[in-house]
Amino acid sequence: MTKTRKTWGARAGALLFSALTLVGLLEPTAGTVYAADQTPAKELFGSMKLPVRANPTSFGFYSKGCIAGAVAIPTDGPTWQAMRLSRNRRWGHPKMISLIEQLSRDAVTKANWPGLLLGDISQPRGGPMLTGHASHQIGLDADIWLTPMPQRTLTAAERESISATSMLDPKKFLTINDKVWNGNQAKLIMLAASYPQVERIFVNPAIKKKLCDTWTGDRTFMGKVRPIYGHDYHFHIRISCPADSPNCRKQEPVTAGDGCDKSLAWWFTDEPWAKPDKPKDQKPVKPRQTTLDDLPKACRAVLAGAPVSEAEATVRTAVTAPAPASDGVGAMIRATSEEQPSSVPVPLARPALQ
């Protein structure tokens, strides 16, 4: 982006916030700060405790965007329990929350799974996180532990301290530990992949290989299960852009086939794990932090808009969501939206989540 375009964008942002402030839709101090401040976006979004009151809308890409009108899944349900509550990341688009609840119920009857332990979904207004993820920014990603839910309600302290169980043998390279993998994990992952709204399931390469080698059920959706770094103690669900979010940038479709081919075999070579070569005289370069200027314009309004209470924004059932926004905030957010730029930064020198 040229200097002229950046300058124009900053002026447009300032004018937008002035207009919103005059009609009483934004707090004056917040609008002024966000229009000019170069504070890392992760600090701004990470400080938000509640979602903005607006109709549910995802803006941008999974690793570069935000969400308006997010809802929270209750900390406890009949077939799930949310973990790491202190992170405040049990928010998402209603479609994502509904999918999690459906999976938790179906897992009991179809996968012999006692219930889900839920990891991170998204922050109240999405956006970059202070720690842990490059994606999960638009409320359409969720992490599900591969540890079965216990048949009792965990305490708040246990939800912070209990560690998820890795599926890998600690003494062997990319090898499943058959002492903890009992096959029901495979049923759970393949069940999640079978839902039409699910675009991808990210797992450790060893888990993908285990599925390729042992799964005897329907393999139609095997291609949705994608190998990636980490993900040995949980799997990552990503759903497609909802119809109510025209400015949500879609991901390219998965490649044809089941993925049990040379693309998987590559993970078992040295190349994915080799450290990149660095010139001897090259000084370390500090990565540039993502700011609001890097995100869709609508994310400014999402960040600065009036909040909705946690009680009102918590989904009680998969089919009951909070009433849509009755004021003009949602319309203002959509009016400032634009298509996500084609450039989506990859946070590490590693293959992107494809």
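The values are calculated or read from the model by the stated rules, or taken from the named source; none is laboratory data. Because the structure is a prediction, the values reported are computed rather than measured. Don't worry about glycine lacking a Cβ; one is built from the backbone with ideal geometry, like all the others, and counts go over all protein chains shown. Accessible surface is based on the protein model in full, side chains and every heavy atom, while ligands, DNA and RNA are left aside. Shrake-Rupley method; radii C 1.70, N 1.55, O 1.52, S 1.80 Å.
None of K179, K187 is open to solvent by 30 Å² or more (accessible area, probe 1.4 Å), farther than 21 Å from A265 by Cα and in contact (Cβ under 8 Å) with a residue 12 or more places away in the chain except K187. Does A186 fit the bill of being part of a helix (DSSP H, G or I), modelled with pLDDT of 95 or more, among the small types (G, A, S) and touching a helix residue (DSSP H, G or I) at 6+ places or on another chain (Cβ under 7 Å)? When the stated conditions are applied, A186 passes them.
The set of residues in the stretch 39-67 that are open to solvent by less than 10 Å² (accessible area, probe 1.4 Å) and farther than 15 Å from D244 by Cα comprises A41, F45, P51, V52, Y62, G65.
Has the stretch 219-237 got any residue that is more than 23 Å from S122 (Cβ to Cβ), touching a residue at least 40 places away in the same chain (Cβ under 8 Å) and exposed (fewer than 11 other Cβ atoms within 10 Å of the Cβ)? Talk me through it step by step, then tell me what you get.
As a first pass, look at the stretch 219-237 and keep what is more than 23 Å from S122 (Cβ to Cβ): 219-223, 227.
From what's left, touching a residue at least 40 places away in the same chain (Cβ under 8 Å): 227.
With exposed (fewer than 11 other Cβ atoms within 10 Å of the Cβ) added as a condition, the list becomes none.
No.
Only residues that are open to solvent by less than 30 Å² (accessible area, probe 1.4 Å) and either β-branched (V, I, T) or without any contact (Cβ under 8 Å) to a residue 40 or more places away in the chain (or both) were counted in the stretch 68-83, giving 4.
Could you say whether any residue in the stretch 246-260 is farther than 30 Å from P150 by Cβ and among the hydroxyl-bearing types (S, T, Y)? Scanning the stretch 246-260 turns up at least one residue that is farther than 30 Å from P150 by Cβ and among the hydroxyl-bearing types (S, T, Y). Of all residues in the stretch 49-72, those that are over 14 Å from the mean Cα position of the chain (by Cα) and part of a loop (DSSP other than H, G, I, E, B) total 8.
How about the stretch 164-176: which of its residues are open to solvent by less than 30 Å² (accessible area, probe 1.4 Å) and touching an Asp or Glu at 6+ places or on another chain (Cβ under 8 Å)?
First pass over the stretch 164-176, keeping only residues open to solvent by less than 30 Å² (accessible area, probe 1.4 Å): 164, 167, 174, 176.
Residues satisfying the conditions are M167, I176.
With the condition kept exactly as written, say whether any residue in the stretch 136-151 is open to solvent by 70 Å² or more (accessible area, probe 1.4 Å), more than 30 Å from K297 (Cβ to Cβ) and part of a loop (DSSP other than H, G, I, E, B). Step through it out loud before you land on a result.
Our first condition is that a residue be open to solvent by 70 Å² or more (accessible area, probe 1.4 Å); within the stretch 136-151, this holds for 151.
Now narrow it down to the ones that are more than 30 Å from K297 (Cβ to Cβ): 151.
Add one more test, that the residue is part of a loop (DSSP other than H, G, I, E, B), and what stays is 151.
Among the residues of the stretch 136-151, at least one is open to solvent by 70 Å² or more (accessible area, probe 1.4 Å), more than 30 Å from K297 (Cβ to Cβ) and part of a loop (DSSP other than H, G, I, E, B), which makes the answer yes.
Kindly evaluate S86 against the criterion of being hydroxyl-bearing (S, T, Y) and open to solvent by 10 Å² or more (accessible area, probe 1.4 Å). Give the derivation first.
Values: hydroxyl-bearing (S, T, Y): yes; open to solvent by 10 Å² or more (accessible area, probe 1.4 Å): yes.
Here the answer is yes, as S86 does meet what is asked.
Taking residues in the stretch 97-108 that are crowded, with 23+ Cβ neighbours inside 10 Å, and partners anywhere that are among the basic types (K, R), the pairs with Cβ atoms closer than 9 Å and at least 6 places apart or on different chains are I97/R90; A107/K187. Scanning the stretch 205-222 for residues that are touching a helix residue (DSSP H, G or I) at 6+ places or on another chain (Cβ under 9 Å) and not in a helix (DSSP H, G or I) yields a total of 6. If you check L174, L154, L117, L130 for being aliphatic (A, V, I, L, M), outside any helix (DSSP H, G or I) and on the phi > 0 side of the Ramachandran plot, only one passes: L174.
Taken over the stretch 185-233, residues that are within 16 Å of the chain's Cα centre (by Cα) and of a type in the set (K, R) amount to 2. Within the stretch 277-304, being under 25 Å from P40 (Cβ atoms), open to solvent by less than 90 Å² (accessible area, probe 1.4 Å) and in a loop (DSSP other than H, G, I, E, B) holds for Q289, T290, T291, L295, P296, K297. Checked against (1) crowded, with 16+ Cβ neighbours inside 10 Å; (2) at pLDDT 95 or above; (3) within 18 Å of I100 (Cβ to Cβ), R125 meets all criteria but (3). Exactly one residue among M96, M48 is in contact with a Pro (Cβ under 6 Å, 6 or more places away or on another chain), among the aliphatic types (A, V, I, L, M), within 19 Å of A134 (Cα to Cα) and modelled with pLDDT of 95 or more, and that residue is M48. Remark: pairs (first residue in the stretch 246-271, at negative phi and surrounded by 10 or more Cβ atoms within 10 Å (Cβ to Cβ); second residue at pLDDT below 95 and of a type in the set (V, I, T); Cβ separation under 6 Å; 6+ apart in sequence or on different chains) are absent.
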